[in-house]
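Let me begin by presenting the structure, written as structure tokens, before commenting on it.
Please treat every number below as a calculation from the coordinates, not as lab data. Note that the coordinates shown come from a computational prediction; the quantities given were computed from them, not determined experimentally. Cβ placement follows ideal geometry from the backbone for every residue including glycine, while neighbour counts extend to all protein chains displayed.
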Amino acid sequence: MLLVGKCVLASTLSWWVAHDLLHATSPAFAPFSAVLTMNVTVSKSVWQTLRYITAVIVGVAVQSAIGFSAGPDLFAFVVVAAIALVLGQWQALGEQRSQVATAAFFAFSTYTAAATNADRAAQLGQIILLVLIGCGIGLLVNLCIAPPLRYRSAEQGLHALAGEMESLLDDMADGLCSGDVDEERAERWVEAGERVQSALGQARAGLEMAQSSVVFNPRRFLPAHRSYLSFGRYRETLSAMERAVYQLASLTRSLGRWRESENTYTYGPALTAYADFAASLRDIAHVMAELDADKLAEQADHMCALAAKAQKALRKVLDAADENQLPLADSSRPYGVLIVEATRLMEEFQNTCDVLKETSDQ
């Protein structure tokens, strides 16, 4: 709603300047430009504005070069369209690439409507002026009226990722403990593992959003925000969690293969120990799902304590595998893979806890 309100204000001011003050022939260019360059972060607005202005100038320049040399006929339009569309593939313009052709077409329309070359040159120059006015007003409004600081996006991304991990580990603990690992449940674990990987991408996007919202934002200088604008801990934590996510996805696939290839429950005690291990990791994920920058030191200590319990639970898995003579060396059976996956997963969870502990002490 804030972004919509700022777009309304910026477009209205741009229209007033273009229509009422400048009496422009095509005043809509100004509010269109103001809205087009408005973004949820100031830094993105700046980059979008620069790319958009460049695209418009290129489009108008193409039309000017062809129009003044070939005249306002159909052949000239074909040449303008071809050149503008080719230049519109310029990767440096990013999302604004299509505006090269748009600007060229509007410029051609304005060019053909004018009677003399002097009027045509003035109209084309006016297009660029209106675009600059609209972009300038849009940037000014976005910069001065509650420029958003999205630093909480990094934290929220980690919350969502850890929440997906917690849900999966909870279901795995319940299924392995009760022996209820039918084909449907095994497939659900694999799908949940894929959702966790998807949440990882969203967490990375949230971190990037948080970082970009700080650039060019004057609110970052306010004392109330300064302590939250360091994203190193989130970046390191997310990198550690990323490895745990991939390991967890690998574990779900291994459990899925176990359900397909194993039809005996002789090794129930080992699976029960495995369920307890999954539950201990779930408890760590639960704390990560509630991370708070204001309580990070306390939460990091709690996670390290839970990691120590998880290490003990992993030891019980290894002991149960040894006591029940689990066929770990049999490549046709899945148990060896499951033990290896559990060990690696514990390493990544421990690393995540250590990273949070280290960053909380800084």
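Structure summary
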{"item": "Cα gyration tensor category, rounded, prolate or oblate, for segment 33-120 with a/c compared to 1.5", "result": "prolate"}
{"item": "Label-point gap, in nm, between Ala114 and Phe75 - each point 7 angstrom along Cα→Cβ", "result": "2.3"}
{"item": "Potential extension, Ala293-Val86 segment - 0.36 nm per residue separation minus Cα distance", "result": "69.7 nm"}
{"item": "Qualifying chymotrypsin sites (Phe, Trp or Tyr not before Pro) in segment 41-123, DSSP loop, other Cβ atoms within 10 Å at most 15", "result": "Trp90"}
{"item": "As computed over segment 16-166, the Cα convex hull volume per residue (Å³)", "result": "122"}
{"item": "Residue-span extension gain [Ala205 to Ala28] - 0.36 nm each, minus C-alpha spacing", "result": "60.3 nm"}
{"item": "Nitroxide proxy distance, nm - points 7 Å out along Cα→Cβ at Glu358 and Thr54", "result": "3.8"}
{"item": "R0 of 51 Å, Cβ-Cβ distance Arg195-Ile145: FRET efficiency to nearest 0.05", "result": "0.85"}
{"item": "19 Å Cα-Cα reach of Lys316 towards aspartates and glutamates, excluding residues that sit fewer than 8 places from it in its own chain", "result": "Asp170, Asp174, Asp276, Asp283, Glu341, Glu347, Glu348"}
{"item": "Separation of the Cys304 and Asp20 label points, Cα + 7 Å toward Cβ, nm", "result": "6.3"}
{"item": "FRET efficiency, Glu184 to Glu95 (Cβ-Cβ, R0 41 Å, nearest 0.05)", "result": "0.45"}
